[in-house]
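The values are calculated or read from the model by the stated rules, or taken from the named source; none is laboratory data. Just so you know, these numbers come straight off a predicted model, no measurement behind them. We place every Cβ from the backbone using ideal geometry, glycine too, and count neighbours over all the protein chains shown.
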Amino acid sequence: MLKLSLKKFENKKFFDSQNDYEFFQRVYNGGDLTKYINRLNAIGFTDKTEVFDHGCGFGQWSFALSDLNSNVISYDIDFNRIEIANEIKKSINRQNIYFTSVIDYEDHQNFEKFDLVFSYGVLQCLDYKIMLKNYFNFLKPGGRLYFTAADLGWFIYYIIEGHNDTENFTTRDWGIQAIDNSLNYFISGEYKLGANICIPYKAITDQLEKLGFRIIGIGADGSINLFENKKCESFFPFEKYNLKAVYEVLCEKI
């Protein structure tokens, strides 16, 4: 099982902010990626040739994907996070993964290239309708897409209770801004790059089917399990205040 040595990154100087430092420590869990590998095994994201991890952050899911598949391309807009992921890659001499902060969604060389597209905690930071179309274009026929998304309950939770606040990052303000962004997006169609928005759980199935996806599973984070013997840990709540919060979707390009 994949285990990383991350002692070097206990030094805060490698990170752009206290929030990034604390986020890195949480997601890497001391270098033990077992919980990510278990989740990937449960959704069948194994034994494929070409995999795309979109919005990979510091790369924790990417390394798990590269342990289970032949080749992984991992993209994130944050150059510093990509640099740190590359440092970890060097430390373990992992050759089958490529980290990048540059991507061209209109490049036809990427069309129908990937067997799997993985997108964890990313879509709510994007114009999700456009990005789902990009995912569809990138997948080979029969290729599979897995993603998580956040609905209104998650942002209400941020406002009322907060979630992993740091000395220079307040999730209450972030939640308020996300709801304002969502109103602008659904009423006027306005979207600002990087803005967080709600992705309605009740509407996502229709959106995917219109693009040409077949839904394999949809539900709470960590609930999709194609194999009875696979153990999964959920990372986020499905409901907050009787509203949908974080959910996951597994689908296939027809």
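Total residues in segment 14-56 satisfying the condition of being within 20 Å of Ser101 (Cβ to Cβ) and in a helix (DSSP H, G or I): the figure is 8. All of (1) without any contact (Cβ under 8 Å) to a residue 12 or more places away in the chain; (2) of a type in the set (Lys, Arg); (3) in a loop (DSSP other than H, G, I, E, B) hold for Lys210 with one exception: (3).
Of the candidates Phe79, Phe58, the single residue that is among the aromatic types (Phe, Trp, Tyr) and closer than 23 Å to Gly222 by Cα is Phe58.
Residue by residue through segment 138-152, note down the ones that are buried (at least 18 other Cβ atoms within 10 Å of the Cβ) and either more than 24 Å from Leu243 (Cα to Cα) or in contact with a helix residue (DSSP H, G or I) (Cβ under 7 Å, 6 or more places away or on another chain) (or both).
Those that are buried (at least 18 other Cβ atoms within 10 Å of the Cβ) and either more than 24 Å from Leu243 (Cα to Cα) or in contact with a helix residue (DSSP H, G or I) (Cβ under 7 Å, 6 or more places away or on another chain) (or both): Phe138, Leu139, Gly143, Arg144, Leu145, Phe147, Ala149, Ala150, Asp151.
Within segment 1-31, the set of residues being surrounded by fewer than 14 Cβ atoms within 10 Å (Cβ to Cβ) and under 11 Å from Arg81 (Cβ atoms) comprises Asp16 only.
Quick one: would you say Phe155 is free of Cβ contacts under 8 Å to residues at least 60 places away in the same chain, within 26 Å of Phe23 (Cα to Cα) and either β-branched (Val, Ile, Thr) or surrounded by 16 or more Cβ atoms within 10 Å (Cβ to Cβ) (or both)? The answer is yes for Phe155.
If the condition is being among the aliphatic types (A, V, I, L, M) and surrounded by 15 or more Cβ atoms within 10 Å (Cβ to Cβ), then segment 226-254 contributes Leu243, Ala245, Val246, Val249, Leu250.
The rows are residues; the columns are (1) modelled with pLDDT under 95; (2) surrounded by fewer than 16 Cβ atoms within 10 Å (Cβ to Cβ).
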{"site": "Gly162", "(1), (2)": "yes, yes"}
{"site": "Glu167", "(1), (2)": "yes, yes"}
{"site": "Thr171", "(1), (2)": "yes, no"}
{"site": "Gly175", "(1), (2)": "yes, no"}
{"site": "Ser182", "(1), (2)": "no, no"}
{"site": "Gly189", "(1), (2)": "yes, yes"}
{"site": "Gly194", "(1), (2)": "yes, yes"}
{"site": "Ile199", "(1), (2)": "no, no"}
{"site": "Lys202", "(1), (2)": "no, yes"}
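Per the listing Glu248, Glu233, the residue uniquely over 22 Å from Phe136 (Cβ atoms) and either touching a residue at least 24 places away in the same chain (Cβ under 8 Å) or among the acidic types (Asp, Glu) (or both) is Glu233.
Filtering segment 218-235 to residues that are within 20 Å of Gly153 (Cβ to Cβ) and either of a type outside the set (Phe, Trp, Tyr) or modelled with pLDDT under 95 (or both) leaves Ile218, Gly219, Ala220, Asp221, Gly222, Ser223, Ile224, Ser234.
Restricting segment 91-108 to residues that are assigned to a strand (DSSP E or B) and touching a helix residue (DSSP H, G or I) at 6+ places or on another chain (Cβ under 6 Å), the residue that is farthest from Glu50 (Cα to Cα) is Phe99.
Only one residue in Ser182, Ser188, Ser101 is over 29 Å from Ile216 (Cβ atoms) and over 17 Å from the mean Cα position of the chain (by Cα), so which one is that?
Numbers: Ser182 fails: over 29 Å from Ile216 (Cβ atoms); Ser101 fails: over 17 Å from the mean Cα position of the chain (by Cα).
Only one candidate passes the filter, namely Ser188.
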